[in-house]
Amino acid sequence: MATLIDAAEFTSNEVYQIQATDPVEGAAVGASFSGTGISNQPHQQLANRTAFLKQRQDVNISNIGVLQAFVANFTGAMGVNGYLKLPVADINKGLIQYVIQWGFVNWGQPGNPHGLYGPYTFPIAFPNACEVFLPITVNPNTSSSSNGEDVIMVPFTNLPTTTQFWVYNNALGAGNDHNSGFYWIAIGF
(Lines give C-alpha, C1' and ligand atoms only; values in the text may rest on other atoms or scores of the structure.)
Protein backbone atom coordinates (compact mmCIF):
# COMPACT_ATOMS: atom_id res chain seq x y z
CA MET A 1 0.00 0.00 0.00
CA ALA A 2 1.47 3.33 -1.06
CA THR A 3 1.39 6.38 1.23
CA LEU A 4 1.66 10.11 0.64
CA ILE A 5 5.02 11.62 1.61
CA ASP A 6 4.64 14.71 3.80
CA ALA A 7 6.59 17.87 2.99
CA ALA A 8 6.51 20.44 5.81
CA GLU A 9 5.12 23.47 4.00
CA PHE A 10 2.17 25.80 4.36
CA THR A 11 0.53 27.93 1.73
CA SER A 12 -2.76 29.62 2.51
CA ASN A 13 -5.77 28.93 0.28
CA GLU A 14 -4.05 25.99 -1.38
CA VAL A 15 -6.21 22.94 -0.58
CA TYR A 16 -7.70 21.76 -3.85
CA GLN A 17 -11.47 21.41 -3.90
CA ILE A 18 -12.56 18.40 -5.96
CA GLN A 19 -15.12 19.49 -8.54
CA ALA A 20 -18.21 17.50 -9.52
CA THR A 21 -16.83 17.15 -13.03
CA ASP A 22 -13.38 15.89 -11.90
CA PRO A 23 -12.75 12.25 -12.74
CA VAL A 24 -11.52 9.92 -10.04
CA GLU A 25 -7.77 9.89 -10.56
CA GLY A 26 -5.22 8.29 -8.26
CA ALA A 27 -1.46 8.54 -8.25
CA ALA A 28 0.27 7.40 -11.40
CA VAL A 29 2.98 8.39 -13.79
CA GLY A 30 1.56 11.19 -15.89
CA ALA A 31 -1.39 11.88 -13.52
CA SER A 32 -2.30 15.47 -12.71
CA PHE A 33 -0.65 17.42 -9.91
CA SER A 34 2.78 16.00 -10.67
CA GLY A 35 1.62 12.39 -10.51
CA THR A 36 -0.39 12.68 -7.28
CA GLY A 37 -3.74 12.69 -9.06
CA ILE A 38 -6.83 14.82 -8.50
CA SER A 39 -8.27 12.52 -5.83
CA ASN A 40 -5.08 12.56 -3.75
CA GLN A 41 -4.18 16.24 -4.12
CA PRO A 42 -6.26 17.65 -1.19
CA HIS A 43 -4.97 14.86 1.07
CA GLN A 44 -1.39 15.69 0.08
CA GLN A 45 -1.87 19.39 0.80
CA LEU A 46 -3.45 18.69 4.20
CA ALA A 47 -0.68 16.21 5.04
CA ASN A 48 1.91 18.89 4.16
CA ARG A 49 0.18 21.40 6.44
CA THR A 50 0.04 18.87 9.25
CA ALA A 51 3.77 18.18 8.89
CA PHE A 52 4.44 21.94 8.87
CA LEU A 53 2.38 22.49 12.02
CA LYS A 54 4.00 19.51 13.76
CA GLN A 55 7.44 20.89 12.94
CA ARG A 56 6.49 24.30 14.36
CA GLN A 57 4.99 22.70 17.48
CA ASP A 58 8.23 20.78 18.12
CA VAL A 59 10.19 24.05 17.90
CA ASN A 60 7.72 25.74 20.26
CA ILE A 61 8.00 22.93 22.81
CA SER A 62 11.80 23.19 22.70
CA ASN A 63 11.67 26.99 23.12
CA ILE A 64 9.23 26.70 26.01
CA GLY A 65 11.67 24.36 27.75
CA VAL A 66 14.49 26.88 27.29
CA LEU A 67 12.31 29.71 28.64
CA GLN A 68 11.23 27.65 31.64
CA ALA A 69 14.86 26.90 32.46
CA PHE A 70 15.69 30.63 32.10
CA VAL A 71 12.81 31.71 34.35
CA ALA A 72 13.85 29.12 36.96
CA ASN A 73 17.12 31.07 37.34
CA PHE A 74 15.19 34.02 38.81
CA THR A 75 15.05 33.10 42.50
CA GLY A 76 15.14 34.98 45.73
CA ALA A 77 14.06 35.35 49.31
CA MET A 78 12.50 38.57 50.57
CA GLY A 79 13.16 39.56 54.16
CA VAL A 80 15.41 41.64 56.37
CA ASN A 81 18.19 39.32 55.24
CA GLY A 82 17.50 38.24 51.68
CA TYR A 83 18.77 37.76 48.17
CA LEU A 84 17.86 37.88 44.50
CA LYS A 85 19.44 35.85 41.69
CA LEU A 86 19.30 37.22 38.14
CA PRO A 87 20.55 35.42 35.02
CA VAL A 88 22.69 37.76 32.92
CA ALA A 89 24.65 37.46 29.68
CA ASP A 90 27.70 39.32 30.96
CA ILE A 91 29.85 40.79 28.16
CA ASN A 92 33.04 39.61 29.91
CA LYS A 93 32.05 36.46 31.79
CA GLY A 94 29.33 35.01 29.56
CA LEU A 95 26.09 33.59 30.99
CA ILE A 96 26.21 33.98 34.78
CA GLN A 97 23.85 34.65 37.66
CA TYR A 98 24.19 37.98 39.43
CA VAL A 99 23.44 37.61 43.12
CA ILE A 100 22.25 40.64 45.08
CA GLN A 101 22.10 40.14 48.85
CA TRP A 102 21.15 42.42 51.68
CA GLY A 103 20.78 42.27 55.43
CA PHE A 104 21.08 43.80 58.85
CA VAL A 105 23.64 43.17 61.60
CA ASN A 106 22.75 44.24 65.11
CA TRP A 107 25.79 44.99 67.26
CA GLY A 108 23.75 44.30 70.34
CA GLN A 109 24.12 47.15 72.78
CA PRO A 110 25.92 50.49 72.57
CA GLY A 111 29.35 50.60 74.17
CA ASN A 112 31.00 47.67 72.39
CA PRO A 113 34.63 48.55 71.67
CA HIS A 114 35.74 49.24 68.14
CA GLY A 115 37.43 46.40 66.35
CA LEU A 116 36.95 43.52 64.01
CA TYR A 117 33.60 41.76 64.09
CA GLY A 118 32.50 38.64 62.28
CA PRO A 119 32.35 36.46 60.54
CA TYR A 120 28.80 37.15 59.42
CA THR A 121 27.19 34.77 56.97
CA PHE A 122 25.52 35.83 53.74
CA PRO A 123 21.96 34.51 53.26
CA ILE A 124 23.38 32.31 50.48
CA ALA A 125 26.92 31.64 49.33
CA PHE A 126 28.18 33.52 46.30
CA PRO A 127 29.04 30.80 43.73
CA ASN A 128 32.18 32.64 42.57
CA ALA A 129 32.89 35.97 44.25
CA CYS A 130 31.46 38.96 46.04
CA GLU A 131 32.29 41.98 43.90
CA VAL A 132 30.66 44.81 45.92
CA PHE A 133 29.98 45.13 49.65
CA LEU A 134 28.41 48.26 51.07
CA PRO A 135 27.67 48.67 54.81
CA ILE A 136 25.34 51.47 55.92
CA THR A 137 25.27 52.41 59.61
CA VAL A 138 22.00 52.81 61.47
CA ASN A 139 23.21 55.45 63.96
CA PRO A 140 26.24 57.26 62.55
CA ASN A 141 29.01 58.08 64.99
CA THR A 142 28.49 61.64 66.20
CA SER A 143 31.68 62.06 68.21
CA SER A 144 34.00 64.85 67.09
CA SER A 145 36.95 62.54 67.72
CA SER A 146 35.73 59.97 65.23
CA ASN A 147 38.23 59.37 62.49
CA GLY A 148 36.00 58.04 59.76
CA GLU A 149 33.11 55.78 58.94
CA ASP A 150 31.54 53.76 61.72
CA VAL A 151 31.54 50.50 59.81
CA ILE A 152 33.96 49.49 57.11
CA MET A 153 34.50 46.23 55.36
CA VAL A 154 37.77 44.56 56.23
CA PRO A 155 40.12 45.20 53.29
CA PHE A 156 42.51 42.27 53.56
CA THR A 157 42.73 39.32 51.20
CA ASN A 158 39.90 36.82 50.80
CA LEU A 159 37.30 38.90 52.57
CA PRO A 160 34.51 38.71 51.97
CA THR A 161 34.61 35.07 51.16
CA THR A 162 31.84 33.58 49.08
CA THR A 163 29.99 32.63 52.28
CA GLN A 164 30.97 35.14 54.98
CA PHE A 165 32.13 38.69 55.58
CA TRP A 166 33.94 40.59 58.32
CA VAL A 167 33.57 44.25 59.24
CA TYR A 168 35.52 46.71 61.33
CA ASN A 169 33.50 48.80 63.77
CA ASN A 170 35.21 52.18 63.99
CA ALA A 171 32.86 53.62 66.63
CA LEU A 172 34.49 54.82 69.86
CA GLY A 173 32.54 52.39 72.00
CA ALA A 174 31.50 54.87 74.66
CA GLY A 175 27.89 55.54 75.52
CA ASN A 176 25.52 56.43 72.73
CA ASP A 177 28.29 57.21 70.26
CA HIS A 178 28.25 53.59 69.25
CA ASN A 179 26.08 52.71 66.29
CA SER A 180 23.46 50.07 67.02
CA GLY A 181 24.10 48.07 63.88
CA PHE A 182 24.33 48.35 60.15
CA TYR A 183 22.51 47.42 57.00
CA TRP A 184 24.50 46.01 54.13
CA ILE A 185 24.16 45.13 50.47
CA ALA A 186 26.46 42.84 48.53
CA ILE A 187 26.62 42.05 44.81
CA GLY A 188 28.45 39.16 43.26
CA PHE A 189 28.12 36.18 40.97
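The values are calculated or read from the model by the stated rules, or taken from the named source; none is laboratory data. Computed from a predicted model, the values in this text were never measured in an experiment. We place every Cβ from the backbone using ideal geometry, glycine too, and count neighbours over all the protein chains shown. For the accessible areas, the whole protein counts, side chains as well, though only heavy atoms, and no ligand, DNA or RNA atoms are used. Shrake-Rupley method; radii C 1.70, N 1.55, O 1.52, S 1.80 Å.
On a per residue basis, segment 23-142 carries 63 Å² of accessible surface, using protein heavy atoms and a 1.4 Å probe. Ligands, DNA and RNA aside, residue 61 has an accessible area near 100 Å² when probed at 1.4 Å. Would you mind counting up the charge near residue 38? Only other residues with Cβ under 10 Å from its Cβ, with Lys and Arg at +1 and Asp and Glu at -1. Net of charged neighbours comes to -2.
Amide H contacts of residue 128: 189, each under 5 Å away and 5 or more positions distant or on a separate chain (H built 1.01 Å from N in the peptide plane; Pro and chain starts excluded). Distant-in-sequence amide contacts of residue 98, defined by a placed amide H-H separation under 5 Å and a gap of 5 or more residues or a different chain, comprise 86, 88. Only protein heavy atoms count here; on that basis, with a 1.4 Å probe, residue 53 has an accessible area of about 100 Å². The residue 125 and residue 56 beta-carbon pair, evaluated with R₀ = 35 Å, returns a calculated FRET efficiency of approximately 0.25.
In nm, to one decimal, how far is the modelled label at residue 81 from the one at residue 2, with both set 7 Å along Cα→Cβ? Placing both labels 7 Å beyond Cα along the Cβ direction yields 7.6 nm. For residue 75, the amide hydrogen comes within under 5 Å of the amide hydrogens of 85, counting only partners 5 or more places away or on other chains and with H modelled in the peptide plane. Solvent exposure of residue 6, expressed as accessible area, is near 90 Å², computed with a probe of 1.4 Å over the protein chains only.
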